[in-house]
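One structure below.
Each reported figure results from applying straightforward, stated rules to the coordinates on display, with no laboratory input. What you see is a predicted model, and the numbers here were worked out from it, not measured in a lab. Every residue, glycine as well, gets a Cβ built from its backbone with ideal geometry; the counts of neighbours run over all protein chains shown.
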Amino acid sequence: MEWLTDYKIPVGKWASDFFNWLRDNFSTAFDALADGAEALIDALLWAFQTPHPLIIVAVFVALTWWLQRNVWTCLLVLAGFLFILNQGYWEQTTESLTLVISSCVVCMAIGVPIGITTAHRPRLYRFLQPILDLMQTLPTFVYLIPAIVFFGIGMVPGLIATVIFVLPAPIRMTHLGISSTPPALLEAVEAFGGTATQKLWKVELPYSMPQIMAGLNQTIMLSLSMVVVAALVGADGLGVPVVRALNSVNTALGFESGLIIVVVAIVLDRMLRIRQE
């Protein structure tokens, strides 16, 4: 087998050279991207941490009622946030929520238009499929290396790595919803002289809204699963005590912070779960 390994394809060197070329030639663009991401993060942190925690809890409960119209779900959300306050993890929770919401805003803003476009252009979706598979199957720790190279240490590289990992979910779910619109509905719009824009806004988007909301739910859950990984590059949040517990073999701290992450995941899932009419 030596004859094969003697001529190793320098994949790693090519990747390193490519990332170094990007850093050297597009540093201004990366700086602008970092500034925009940092501004979004700072705004969300201010919104979460400036008011009294109980005001934020009340806002989440009211939002849950508006989305679900279910008293028991509202009580579950209330109990979840009160448990977080009781355990003393409010600041870390708001930091993780900031990372999750920021990644959702970016992923949905990019993923939904791409999903709509690929649903109307099947060849483009076939071209993107292996790229989406690579984004989801490549180990998340690999994303952190170029993120550190381009953006340094902090919340921004954690956000960028999260977006890369999560972005395929809204693209796939939006594509599924738009492409599964019944042809009879589209033909009816065309028969009445509807334009392509009217067809999209009046038929395709309303019909695919359950799939798009499911994509949003997946985006939130996948983003939340990245909080521990993001902590490895200096991102604040619930991942920090988990990493600290791992480094110090602190079972109590690890279970405590891990349970808080589970509670946040349950609260967000119940808030955004699609109602069955």
Review point. How big is the convex hull of the Cα atoms of region 222-261, per residue, in Å³?
Key: 54 Å³
Revision key, fill the gap. For the chain, the Cα-Cα pair-distance distribution in 10 Å bins from 0, as whole percents, is 6, 23, 30, 23, 13, 4, 1
Review point. How compact and how long is region 42-150, expressed as Rg and Dmax of its alpha-carbon atoms in Å?
Key: 18.8, 53
Review point. How large is the dipole of the chain about the Cα centre if only Lys and Arg carry +1 and Asp and Glu carry -1, each at its Cβ, rounded to the nearest 20 debye?
Key: 700 debye
Review point. For the chain, what is the relative contact order in percent, using Cα pairs closer than 8 Å and at least 6 residues apart in sequence?
Key: 24 percent
Check your understanding: What is the distance, in nm, between label points placed 7 Å from the Cα along the Cα-to-Cβ direction at Ser180 and at Phe255?
Key -> 4.1 nm
**Study point:** Backbone HN-Hα couplings from phi across region 114-120 [Karplus 6.51/-1.76/1.60, Hz, Gly and Pro as x]
**Key:** 5, x, 5, 5, 5, 5, 8
Check your understanding: Principal axis lengths of region 140-277 from Cα atoms, whole Å, largest first?
Key -> 68, 38, 16
Check your understanding: Per residue, what volume in Å³ does the Cα convex hull of region 8-97 take up?
Key -> 181 Å³
Exercise for review: Give me the distance between the Cα centres of region 23-43 and region 183-222, rounded to whole Å.
Suggested key: 33 Å
Practice item. Work out the length of the dipole vector of region 152-277 about its Cα centre, built from +1 on the beta-carbon of each Lys and Arg and -1 on the beta-carbon of each Asp and Glu, and round it to the nearest 20 debye. Key: 80 debye
Review point. Can you work out the base-10 log of I(q)/I(0) for region 92-172 at q = 0.19, 0.20, 0.26 1/Å, using the Debye formula on its C-alpha atoms alone?
Key: -0.86, -0.92, -1.21
Study note, to complete from the structure: Taking the dipole of region 13-90 about the Cα centre (Lys, Arg +1; Asp, Glu -1; charges at Cβ), the one of Leu44, Asn25, Trp72 that reaches farthest to the positive side is Trp72
Practice item. Please report Rg over Rh for region 142-194, where both radii come from the alpha carbon positions and Rh follows the Kirkwood definition. Key: 1.40
